[in-house]
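These notes are about the structure you will find just below.
Bear in mind these aren't lab numbers, they're just calculated from the coordinates by the rules spelled out. In this text, all values refer to a predicted model and were calculated from it rather than measured experimentally. Cβ sites come from the backbone with ideal geometry, for glycine too, and all protein chains shown count toward neighbours.
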Amino acid sequence: MTTSFLSSVEAVKAEINKVVATHPYLGAYGWKHKGDDKIFEESRRQMLSDDFAIQVTAAIMFIKRQCKALSDNYGYYSSYCLKHKAEHFYRTVEDLEIYISNGALITAAIILSIPATAIRNTPNCTIQVELTKEGEQWPSM
């Protein structure tokens, strides 16, 4: 990884701490939902790890390069779909095998002030973006 990427990770850690403080129902796997009580606390702890900061940094870079924030409510992607598109992008374009959790993608959107609305009874949310023409080519799975 490049020095600039690693310095970005350090900067993102402070932003992740703000997200953790203001979004108590968000974990590394996504939004807390019925039936995930056993794993949710561990999911919250993972948000403070270096690995999670790397995932969020990669998600931020993907969103900035491949997505356009929308100002209206007429378009969105699910966090789960975008996470897979980001992973595929890194595999095929950057030749990097990087895992991005659902929660990392959601955290990245929150840091970038992109509306992220939880989908009831799931760990997923809608993220109010559209993909650029280049971004549309990355499969979601």
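With a ≥ b ≥ c the root eigenvalues of the C-alpha gyration tensor of the stretch 84-124, is it rounded (a/c under 1.5), prolate (a/b larger than b/c) or oblate? Prolate, because a/c is 1.5 or more and a/b exceeds b/c.
Dividing the summed -39500 (n - 2.57) terms of all DSSP H runs of n ≥ 4 by the residue count of the chain sets its mean residue ellipticity at 222 nm at -16500 deg cm²/dmol.
Computed extension gain for ASP95 through ILE119, at 0.36 nm per residue and net of the alpha carbon distance, reaches 5.4 nm. Projecting the Cα atoms of THR126, ILE63, SER101 onto the charge dipole of the stretch 61-126 (Cβ charges, centred on the Cα centre) puts THR126 farthest toward the positive pole.
Checking the a/c ratio against 1.5 first, then a/b against b/c, what shape does the Cα gyration tensor give for the stretch 25-87?
Judged from the Cα gyration tensor, the stretch 25-87 comes out oblate (a/c at least 1.5, b/c at or above a/b).
For the stretch 89-100, 3J(HN,Hα) computed residue by residue from phi via the Karplus equation (6.51, -1.76, 1.60; θ = phi - 60°) reads 4, 5, 5, 8, 9, 9, 6, 10, 9, 10, 8, 10 Hz, glycine and proline entered as x.
Convex hull volume of the Cα atoms in the chain, per residue, in Å³?
Cα convex hull per residue, to the nearest whole number: 105 Å³.
One decimal place: the segment ASP51-LEU70 gains 3.9 nm when fully extended, by the rule 0.36 nm per residue minus the C-alpha distance.
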